[in-house]
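Here is the structure we will look at.
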Amino acid sequence: MNLHYLEKLGVDAFRTGSVYNSVIGGEFNQAGTGEQFAARSPIDGAQTALFQNASVEQLNAAVEQAEAAFKAWRTVPAPKRGEFVRIIGNLAREYKEELAQVVTLESGKILPEALGEVQEWIDVCDFAVGMSRQLHGLTIVSERPGHRMMEQWQPLGPVAVISAFNFPMAVWAWNAMLGLVCGDSIVWKPSEKTPLCALAIQAIVDKALELMPEVPKGVCSLIVGGRDVGQAISEDRRFPLVSATGSTAMGRSVGETVGKRLGRSLLELGGNNAMIVSETADLDLALRAIVFAAVGTAGQRCTTLRRLIAQESIVDNLIERLPKSYSSLRIGDPRNDGVLIGPLVDQGSFERMQSTLKTAVEQGGEIVYGGERLTDNVPAGGFYVNPAIVRIAHDAPIVQEETFAPILYVMTYETIEQALDIQNNVPQGLSSAIFTESMREAEFFMSPAGSDCGIANVNIGTSGAEIGGAFGGEKETGGGRESGSDAWRNYMRRTTNTINYGGDLPLAQGIVFE
Ligand code: UN1
């Protein structure tokens with residue numbers, strides 16, 4: 001495949017013959033030595049590129065380079081490190097169109113959402129550049145005369161980033177842009193479903209390195225590899241932090257392996273996101289929010305709305321109006337204007353959707369709308385589906401699970417307390433929302449007895465968070481927080497300094513030792 005936007009980005013520089021290289025960093029650009037695989041586009045299932053996975057030995061070379069780069073990078077003043085991130089952000093602006101086209105090609109998300117994803121990268125660059133002058137610690141009074149205390153935040157080390165197909169650029173950026181200003185080097189293992197997105201990013205980083213030659217070349221490298229490489233990353237003590245985004249199963253394995261060596265992991269895993277719609281809600285507003293949250297990105301965001309918890313008195317109204325809204329949405333080639341729903345990522349994803357729907361029906365669910373594969377007016381070879389609406393009891397076991405596809409479960413509640421119980425009674429805790437015009441309900445929802453999720457929104461949907469807030473959630477979502485607020489602290493280590501400027505040596509806690 002010879003796509004002009006890949007050429008413009010310079011991705012072809014990472015190719016040896018017909019195989020794309022999989023181990024890329026400042027000092028190396030190597031073909032893999034692992035198994036070859038064909039990267040495919042969800043749009044039509046066609047092969048986009050041939051890759052060869054990196055091996056664990058090649059990972060080792062990348063980590064050595066990242067360690068060397070870290071040693072130099074950590075001493076560069078943080079605002080100077082911010083300059084490098086600013087250059088990266090400016091390049092992402094310059095190549096926004098081309099980058100978005102690669103995102104659409106490999107993830108299947110529609111172009112406006114792909115542009116939004118690149119914008120998320122740009123936004124986090126701006127945030128990180130500002131942050132590079134604000135990596136602040138506390139000063140603390142000392143109990144001892146002639147002493148003071150303070151905290152400092154120091155660079156942490158080489159940081160590993162493992163990311164998923166559905167946000168193939170933004171999630172890297174959340175981690176890498178903050179990690180870089182914090183003085184860390186980054187080794188990235190992208191999803192094997194989106195390796196060209198990763199090369200496009202590396203091409204941008206390489207352009208930034210050319211513009212700022214004093215930056216050590218190994219600050220950002222990339223490994224396209226399989227499970228063995230993921231496992232080796234988790235085991236590798238040279239990574240004080242492994243940040244992983246993806247399924248709960250993957251995160252559990254990373255968390256356990258990193259935990260065994262007492263390293264740190266930053267996990268952003270599955271969601272089972274809910275929206276409570278009260279009888280007081282502005283239903284027109286709620287309806288628009290439901291549609292974007294439930295079917296945007298073809299239901300493949302970790303923040304996708306999966307459970308609609310509607311007050312009994314308005315559920316019929318919603319169930320009547322939702323299918324009408326759904327049926328007006330164009331489904332098809334995500335590169336085309338006006339299309340709002342692209343394909344599922346692959347056949348496996350389609351099959352999981354179908355088996356979930358079957359189970360839901362077996363458990364008493366009623367498919368009110370959609371669920372079937374579409375083959376007319378869509379590219380052959382892609383898995384395009386009509387998003388499904390399933391009316392089901394809140395305690396049906398299938399409702400406890402996240403299926404990464406557009407299935408919206410609709411269930412009812414009587415009282416707001418009951419709605420919160422239903423909402424919180426799942427293993428995941430990422431995103432939640434309430435639609436209400438009642439201040440008491442809204443405040444209750446955000447109170448200590450309210451939503452137990454990392455994200456709790458009022459009168460907006462569950463997905464599409466801004467980068468300025470901390471992003472992540474509780475329970476099986478993994479507990480990590482990325483992107484905005486004080487998430488930068490994850491990428492640094494804290495030192496507590498006690499300084500004696502007096503002439504005596506008093507001991508803390510009044511201890512006399514003489
Ligand atoms: C993800 O799906 O892993 O809030 C991230 C959102 C996006 C990020 C989603 N800003 O939907």
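The values are calculated or read from the model by the stated rules, or taken from the named source; none is laboratory data. A quick note: this is a predicted structure, and the numbers were derived from the prediction, not measured. A quick note on method: Cβ atoms are made from the backbone with ideal geometry, for glycine too, and the neighbour counts reach across all protein chains shown. Heavy atoms of the whole protein, side chains included, go into the accessibility calculation; ligands, DNA and RNA do not. Shrake-Rupley method; radii C 1.70, N 1.55, O 1.52, S 1.80 Å.
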Inset, instruction - Kindly provide the set of residues from the range 44-67 that are modelled with pLDDT of 95 or more, of a type in the set (A, V, I, L, M, F, W, C) and open to solvent by 30 Å² or more (accessible area, probe 1.4 Å), ordered by number. - result: 46, 50
Inset, instruction - Look at the range 328-351 and say how many of its residues are within 15 Å of residue 380 (Cα to Cα) and assigned to a helix (DSSP H, G or I). - result: 2
Inset, instruction - Could you check residue 496 against (1) among the β-branched types (Val, Ile, Thr); (2) part of a strand (DSSP E or B); (3) within 16 Å of the ligand (Cβ to nearest atom) and say which number it fails? - result: (3)
Legend entry - Pair list, Cβ under 6 Å, 6 or more apart: the range 364-385 residue in the same structural domain as residue 406 (by TED's automatic domain parsing), other residue at pLDDT below 95 and surrounded by 19 or more Cβ atoms within 10 Å (Cβ to Cβ): none
Inset, instruction - State all residues of the range 458-489 that are more than 13 Å from residue 429 (Cα to Cα), near the ligand (Cβ under 10 Å from one of its atoms) and polar (S, T, N, Q); if no residue qualifies, say none. - result: 463, 483
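Just give me the residues in the range 412-456 being among the hydrophobic types (A, V, I, L, M, F, W, C) and more than 22 Å from residue 248 (Cβ to Cβ), in sequence order.
Residues satisfying the conditions are 416, 419, 420, 434, 435, 439, 442, 444, 445, 446, 449.
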Legend entry - Condition met for residue 383 (surrounded by 15 or more Cβ atoms within 10 Å (Cβ to Cβ), away from the ligand (no atom under 16 Å from the Cβ) and aromatic (Phe, Trp, Tyr)): yes
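This table checks each residue for (1) of a type in the set (S, T, N, Q); (2) modelled with pLDDT of 95 or more; (3) not assigned by TED's automatic domain parsing to the domain that holds residue 166.
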position: 457; (1), (2), (3): yes, yes, yes
position: 462; (1), (2), (3): yes, yes, yes
position: 486; (1), (2), (3): no, yes, no
position: 502; (1), (2), (3): no, yes, yes
position: 505; (1), (2), (3): no, yes, yes
Inset, instruction - Those residues that are free of Cβ contacts under 8 Å to residues at least 40 places away in the same chain and open to solvent by 30 Å² or more (accessible area, probe 1.4 Å), I need them from the range 86-113; list them, please. - result: 90, 93, 94, 96, 112
Inset, instruction - Select from the range 114-148 the residues that are away from the ligand (no atom under 16 Å from the Cβ) and open to solvent by 50 Å² or more (accessible area, probe 1.4 Å) and list them in ascending order. - result: 133, 134, 136, 138, 139, 140, 141, 143, 144, 145, 148
Legend entry - Qualifying residues in the range 415-457 (those that are within 16 Å of the ligand (Cβ to nearest atom) and among the hydroxyl-bearing types (Ser, Thr, Tyr)) - the one nearest to residue 403 (Cα to Cα): 431
Inset, instruction - Output yes when any residue across the range 221-242 is touching a residue at least 12 places away in the same chain (Cβ under 8 Å), part of a helix (DSSP H, G or I), within 16 Å of the ligand (Cβ to nearest atom) and touching a strand residue (DSSP E or B) at 6+ places or on another chain (Cβ under 6 Å), and no when none is. - result: no
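Mind counting the residues in the range 276-315 that are within 15 Å of the ligand (Cβ to nearest atom) and either of a type in the set (D, E, K, R) or outside the structural domain of residue 396 (by TED's automatic domain parsing) (or both)?
2
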Legend entry - Residue tally, condition assigned to a strand (DSSP E or B) and within 16 Å of the ligand (Cβ to nearest atom), over the range 253-264: 0
Inset, instruction - For the range 184-213, enumerate the residues that are in contact (Cβ under 8 Å) with a residue 12 or more places away in the chain and assigned to a loop (DSSP other than H, G, I, E, B). - result: 184, 190, 191, 192, 193, 194, 212
Inset, instruction - Output the residue which, of all residues in the range 429-450 that are touching a strand residue (DSSP E or B) at 6+ places or on another chain (Cβ under 6 Å) and hydroxyl-bearing (Ser, Thr, Tyr), is surrounded by the most Cβ atoms within 10 Å (Cβ to Cβ). - result: 431
